[in-house]
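Below: the structure, in structure tokens.
The values are calculated or read from the model by the stated rules, or taken from the named source; none is laboratory data. As the structure is a prediction and not an experimental result, all values here were calculated from the model. Neighbour counts are summed over all protein chains in view; Cβ atoms, including those assigned to glycine, are modelled from backbone coordinates with ideal geometry. Side chains included, ligands, DNA and RNA excluded: accessible areas come from the protein's heavy atoms. Shrake-Rupley method; radii C 1.70, N 1.55, O 1.52, S 1.80 Å.
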Amino acid sequence: MVCGGFVCTKNALSALNILYVMVSLLLIGVAAWGKWFGLVSSISVVAGVIGVGVFLLFVAFVGLCGALKHHQVLLFFYMVILFMVFVLQFSISCACLALNTEQQNQLLEVGWNKSESTQMDVEKTLNCCGFSSVNLNQTCPARCVSDSSCSSCASILQTYAGDVLHFVGGVGLFFSFTEILGVWLTHRYRNLKDPRTNPGAFL
């Protein structure tokens with residue numbers, strides 16, 4: 001059967017959702033691994049990543065069931081949810097790629113002030129103390145405190161912020177295009193007849 005027919009569209013949609021299942025399990029696994037080994041102490045960060053992974057797993061499960069059973073209702077809700085996710089993810093990805101240096105610094109400072117546990121994770125990982133100015137207090141877990149050779153975390157974060165945002169934006173754009181592909185495949189698949197059933201019946 002030529003690609004574009006019922007079986008080919010079904011297989012393509014199923015493969016796309018299997019990819020989403022793998023990505024969602026990877027997100028959940030990495031977040032749990034980071035928390036288990038103490039790499040990330042912020043519960044909100046871990047919960048957020050796991051939440052995104054669970055949501056993606058649920059969406060992929062709905063799409064996979066709809067594709068395998070050619071279920072019109074599941075496919076419709078899957079298509080609507082996937083399109084909303086595409087709009088949100090595409091907007092965030094474009095914003096990440098469009099941020100200038102000043103906006104990146106403001107974003108870093110907001111994130112820094114939001115969570116004390118995140119501050120400690122950053123200070124410990126990057127071996128720095130304080131955000132814009134060095135603050136050698138007793139709560140700073142960085143190794144540089146012992147010899148007073150610490151630098152501010154902002155100066156270190158700013159060297160990586162642009163590259164990280166561009167990477168996140170690029171990955172987000174890539175997956176947003178797979179999502180619009182999923183919407184198109186679902187719309188096409190819903191309007192195809194199953195050749196194994198009565199040719200006069202439309203599912």
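Observations
- Taken over segment 88-127, the criterion of being assigned to a loop (DSSP other than H, G, I, E, B) and surrounded by 14 or more Cβ atoms within 10 Å (Cβ to Cβ) is satisfied by 99, 115, 127.
- Among the candidates 63, 130, residue that is surrounded by 15 or more Cβ atoms within 10 Å (Cβ to Cβ), within 19 Å of the chain's Cα centre (by Cα) and not aliphatic (A, V, I, L, M): 63
- Count of residues meeting criterion [modelled with pLDDT under 80 and either part of a helix (DSSP H, G or I) or open to solvent by less than 50 Å² (accessible area, probe 1.4 Å) (or both)] in segment 163-196: 1
- Screening residue 114 with (1) modelled with pLDDT under 80; (2) in contact with a helix residue (DSSP H, G or I) (Cβ under 8 Å, 6 or more places away or on another chain) gives one miss only, at (2).
- The set of residues in segment 125-170 being aliphatic (A, V, I, L, M) and free of Cβ contacts under 8 Å to residues at least 12 places away in the same chain consists of 164 alone.
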